[in-house]
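The values are calculated or read from the model by the stated rules, or taken from the named source; none is laboratory data. Model, not experiment: these values are computed from the prediction. As a convention, Cβ positions derive from the backbone with ideal geometry for all residues, glycine included, and neighbour counts pool all protein chains shown. Areas reflect the complete protein model, heavy atoms only, side chains present, ligands, DNA and RNA absent. Shrake-Rupley method; radii C 1.70, N 1.55, O 1.52, S 1.80 Å.
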Amino acid sequence: MQITFRARPARIALAVVAAGTLLTGAASGVSAAAPDERSAGHHRPTEAEIRALFDDWNDALATEDPEAVADLYAADAVLEPTLSDVIRTDRAGIVDYFEHFLLQRPSGEIDASYVELLGRDAAVDSGAYTFTLTDPETGEVSEVPARYTFVYERDAHTGAWRIVNHHSSAMPEG
């Protein structure tokens, strides 16, 4: 068993604490906000903005360029991919996965999305999607329903959203 602890920037810890505070406050009818001075120039994202990040990712898949897809991930992102049992923990691993996955000309469609905003600089989108894949040898088209979780973090320097953790797993049978 391999256990690796990875330190995320302090703003993620703040976002998680803020989310817990908001959930506790919501349960008691009290609202709370956690200020983060590093996000002063950023607005709090909307659920629609976070959901649109999937469209950016899906558009990157359509380029069939694994580097373009990997550009959407943070340098130290973790990818638990749909069609591989190898967890990818760096850019080279993420590129390697997409080099193979993109051969199937994947196109994803969200079936259900649940967004949780964790402050101005972090969010989670989880739910279900369906991939349409084309076998590169036979041309046969198939659909793969899967569960997903994307954890996003806004880059402090560029303001761009990056995927810091992406889990995708095919739906279990019946």
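Can you send over the carbon and sulfur percentage of the accessible area for region 77-174, probe radius 1.4 Å, protein chains only? Please list the in-between numbers first.
Details: 2410 of 4970 Å².
Carbon and sulfur atoms account for 48 percent of the accessible area of region 77-174.
Could you check the simple spin-label distance between GLU143 and GLU116, using points 7 Å along Cα→Cβ, in nm with one decimal?
2.9 nm
Could you work out the mean projected area of the convex hull around the alpha carbons of region 69-109, in square nanometres to one decimal?
Averaged projected hull area, Cα only: 2.9 nm².
Return one whole number: the accessible area per residue of region 39-174 in Å², for a 1.4 Å probe.
On the way: 6910 Å² over 136 residues.
Accessible surface, normalised per residue, equals 51 Å².
With equal scatterers on the alpha carbons only and no solvent term, can you work out the Debye log10 of I(q)/I(0) for region 64-174 at 0.10, 0.12, 0.22 1/Å?
Rounded to two decimals, the profile gives -0.30, -0.43, -1.33.
Ranked highest first by the average count of other Cβ atoms within 10 Å around their residues, in what order do 162-171, 139-148 fall?
On the way: 162-171: 17.3, 139-148: 13.2.
In descending order of packing, they fall as 162-171, 139-148.
Determine which residues of region 143-169 fall in the zone a paramagnetic label at ALA62 would reach in this model, i.e. backbone nitrogen under 14 Å from the point 7 Å along Cα→Cβ.
In region 143-169, the label zone of ALA62 (backbone N under 14 Å from the point 7 Å along Cα→Cβ) covers no residue.
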